[in-house]
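Before any comments, here is the structure.
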Amino acid sequence: MLPMGNVLHTMLKTAEETISLGRMLSGCLQGRGHVYLYGGLGAGKTTLCRGILRAMGYQGAVKSPTFTLVEPYRFERGQVYHFDLYRLNDSDELEYIGIDDYFSDQNLCLVEWPEKAKDSLPAGDLDVELSIVGKSRCIDFTPNSDFGSEVLEKLKQRLSG
């Protein structure tokens, strides 16, 4: 892991490492925030989301909600909404599902393929760029808000400790 200014860059070799990183990230998020996940097919976006949800106590299957656009997860301490916008044809479609209702300060929203609806989504707290490099996954975290910066600092501390 190599902190680069206000960006965190890390390389992971296995899906288990990605899930573990998601678990750490979950502890830093404390069940809230807007996390935007970028990367091609198979880059590990859903695997990272699986780790976040596992850390919150969810043990069921976690798959991309490609056809439903959003999958809700309810927890004692709040709600998580996992979006997959890969098949979104027009960002106006998000108005039909009441997109604004999901993005409250008390909810955690994990959004895969946010670039498909950039003009319809609120500002994100943390951008996560995942890419495949050989047999490894490269993950870059970039904060976009004060909360995102706090999350990133906590994540850096957890990774170095």
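Checking the conditions here, which among Val62, Val80 is free of Cβ contacts under 8 Å to residues at least 60 places away in the same chain, crowded, with 19+ Cβ neighbours inside 10 Å and assigned to a loop (DSSP other than H, G, I, E, B)?
That would be Val62, the only listed residue that is free of Cβ contacts under 8 Å to residues at least 60 places away in the same chain, crowded, with 19+ Cβ neighbours inside 10 Å and assigned to a loop (DSSP other than H, G, I, E, B).
If we scan segment 94-104, do we find a residue that is assigned to a loop (DSSP other than H, G, I, E, B), β-branched (Val, Ile, Thr) and either more than 15 Å from the chain's Cα centre (by Cα) or under 12 Å from Leu37 (Cβ atoms) (or both)?
Within segment 94-104, one or more residues are assigned to a loop (DSSP other than H, G, I, E, B), β-branched (Val, Ile, Thr) and either more than 15 Å from the chain's Cα centre (by Cα) or under 12 Å from Leu37 (Cβ atoms) (or both).
Residue-wise test of (1) more than 19 Å from Ser64 (Cα to Cα); (2) loosely packed, with under 15 Cβ neighbours inside 10 Å; (3) in contact with a helix residue (DSSP H, G or I) (Cβ under 8 Å, 6 or more places away or on another chain).
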{"residue": "Asp92", "(1), (2), (3)": "yes, yes, yes"}
{"residue": "Tyr96", "(1), (2), (3)": "yes, yes, no"}
{"residue": "Asp105", "(1), (2), (3)": "yes, yes, no"}
{"residue": "Ala117", "(1), (2), (3)": "no, no, yes"}
{"residue": "Asp125", "(1), (2), (3)": "yes, no, yes"}
{"residue": "Leu130", "(1), (2), (3)": "no, no, yes"}
{"residue": "Val133", "(1), (2), (3)": "yes, yes, no"}
{"residue": "Phe147", "(1), (2), (3)": "yes, no, no"}
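If you go through segment 65-76 one residue at a time, how many are part of a loop (DSSP other than H, G, I, E, B) and either surrounded by 11 or more Cβ atoms within 10 Å (Cβ to Cβ) or modelled with pLDDT of 90 or more (or both)?
4
Do you know which residues across segment 48-100 are over 19 Å from Leu121 (Cβ atoms) and among the aliphatic types (A, V, I, L, M)?
Those that are over 19 Å from Leu121 (Cβ atoms) and among the aliphatic types (A, V, I, L, M): Leu53, Ala55, Met56, Ala61, Val62.
The values are calculated or read from the model by the stated rules, or taken from the named source; none is laboratory data. Note that the structure is predicted; figures quoted are calculated from it, not measured. Every residue, glycine among them, receives a Cβ derived from its backbone with ideal geometry; neighbour counts consider all protein chains shown.
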